[in-house]
1. So, in the stretch 26-56, of the ones that are in contact (Cβ under 8 Å) with a residue 60 or more places away in the chain and polar (S, T, N, Q), which residue ends up surrounded by the fewest Cβ atoms within 10 Å (Cβ to Cβ)?
2. Which residue, of Q223, Q260, is more than 22 Å from F147 (Cα to Cα) and of a type outside the set (K, R)?
3. With the structure loaded, tell me whether L121 is modelled with pLDDT under 90 and in contact with a helix residue (DSSP H, G or I) (Cβ under 6 Å, 6 or more places away or on another chain) or whether it fails that test.
4. Does V3 qualify as being farther than 28 Å from V139 by Cβ, surrounded by 12 or more Cβ atoms within 10 Å (Cβ to Cβ), at pLDDT 85 or above and out of contact with any His (no Cβ under 8 Å at 6 or more places or on another chain)?
5. Look at the stretch 115-168 and say how many of its residues are among the β-branched types (V, I, T), closer than 30 Å to R181 by Cα and touching a Pro at 6+ places or on another chain (Cβ under 9 Å).
6. Kindly list, by first and then second residue, each pair from a residue in the stretch 7-25 that is in a helix (DSSP H, G or I) to a residue that is surrounded by 12 or more Cβ atoms within 10 Å (Cβ to Cβ) and of a type in the set (K, R), limited to pairs with Cβ atoms under 8 Å and residues at least 6 apart or on different chains.
7. Which of the residues belonging to the stretch 110-160 are part of a loop (DSSP other than H, G, I, E, B), in contact (Cβ under 8 Å) with a residue 60 or more places away in the chain and closer than 20 Å to A70 by Cβ?
8. Working only within the stretch 150-165, note down all residues that are surrounded by 20 or more Cβ atoms within 10 Å (Cβ to Cβ) and under 18 Å from V91 (Cα atoms).
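The values are calculated or read from the model by the stated rules, or taken from the named source; none is laboratory data. Since the structure is predicted, the reported quantities are computational estimates derived from the model, not experimental observations. For neighbour counting, all protein chains shown are included, and Cβ atoms are generated from backbone atoms with ideal geometry for every residue, glycine included.
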Amino acid sequence: MVVPVLILLGVVFVYPTSIFLLRAFTHFNPPQVAGLDNLVWFLGDETNRIILVRTFTVASMCAVLTAIVAFPYAYCMTVIGPRGRTIMLGVLLLSMFLGILLRNFAWVILLQYQGPLNDILDAIGLDRIRFLGTAPAVVMGMMHILFPFMVLPLYSVLNGIDRRLVLAAQSMGATPMRAFRQVYLPLAMPGIIAGALLVFVLALGFFITPALLGSPRQALMSQLMFLQFDLQAAFGRAGAMAIVLLIIAMVFVILSNIVQRRSRAYGDAS
């Protein structure tokens, strides 16, 4: 029964992705002519490097901030009753059913200069802020869309933690904060890392949110790749960008696996 699924993945994902990545070494726009010229062009251009760093920074901020916001939500799901847990899970899934484009336009309305958020700032005596076209607006929109992808793996790990370990640490003289920091948090680390890695990798390839909430001056890699496709038909250059993003994602996957193994070893020892 697995064979049809593997064939489908091979046809609709593996094959087109492989062709696209191979274009980095077979398709060239002048002055690139052969070999690794597309990669050299990308890494040798200062603007490209700035956009790469910006993309990495935005994705990292999104992963860290989403983990901070999602942790209390996932924790509440583990301590609340079955009915409350069902409601919280339903709200989480409902947000995933809404279209990404719809959610982004909702943020456009909230963050515009004459929008509700600025009306609140004006009502409490603060100056209006131009949110749209900035990196914080992009991060907020991405956090909203990726929030469920952080909560679900985090909840699955938190739900399996025996809270009696925290009580045992407190009975031996540890303060609640110290017991949380030295016992509960290390046990929760696999879920935090898994969720943060998923959010980070997905954030690297976001296009609609940066296009609507950001600006050309705050462009990310996905927007640069689209420009190479749309304006110059430079498939090789876009493929080179995809290879760079793929390498970055793989490095973070390897590092996260190392940290997760250490966290599981700590949990087994506990």
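1. Across the stretch 26-56, the extreme among qualifying residues is T26.
2. Values: Q260 fails: more than 22 Å from F147 (Cα to Cα).
Only one candidate qualifies: Q223.
3. Details: modelled with pLDDT under 90: yes; in contact with a helix residue (DSSP H, G or I) (Cβ under 6 Å, 6 or more places away or on another chain): no.
Judged against the criteria, L121 is not a match.
4. Values: farther than 28 Å from V139 by Cβ: yes; surrounded by 12 or more Cβ atoms within 10 Å (Cβ to Cβ): no; at pLDDT 85 or above: yes; out of contact with any His (no Cβ under 8 Å at 6 or more places or on another chain): yes.
Considered against the rule, which asks whether it is farther than 28 Å from V139 by Cβ, surrounded by 12 or more Cβ atoms within 10 Å (Cβ to Cβ), at pLDDT 85 or above and out of contact with any His (no Cβ under 8 Å at 6 or more places or on another chain), V3 comes out as no.
5. Within the stretch 115-168, the subset among the β-branched types (V, I, T) is 120, 124, 129, 134, 138-139, 145, 151, 157, 161, 166.
From what's left, closer than 30 Å to R181 by Cα: 139, 145, 151, 157, 161, 166.
Filter once more, keeping what is touching a Pro at 6+ places or on another chain (Cβ under 9 Å): 157, 166.
Counting residues in the stretch 115-168 that are among the β-branched types (V, I, T), closer than 30 Å to R181 by Cα and touching a Pro at 6+ places or on another chain (Cβ under 9 Å) gives 2.
6. As it stands, the answer is A24/R237, since those pairs meet every condition given.
7. Listed by number, the list holds a single entry, N159.
8. If the condition is that a residue be surrounded by 20 or more Cβ atoms within 10 Å (Cβ to Cβ) and under 18 Å from V91 (Cα atoms), then M150, V151, L152, P153, L154, Y155 are the ones that fit.
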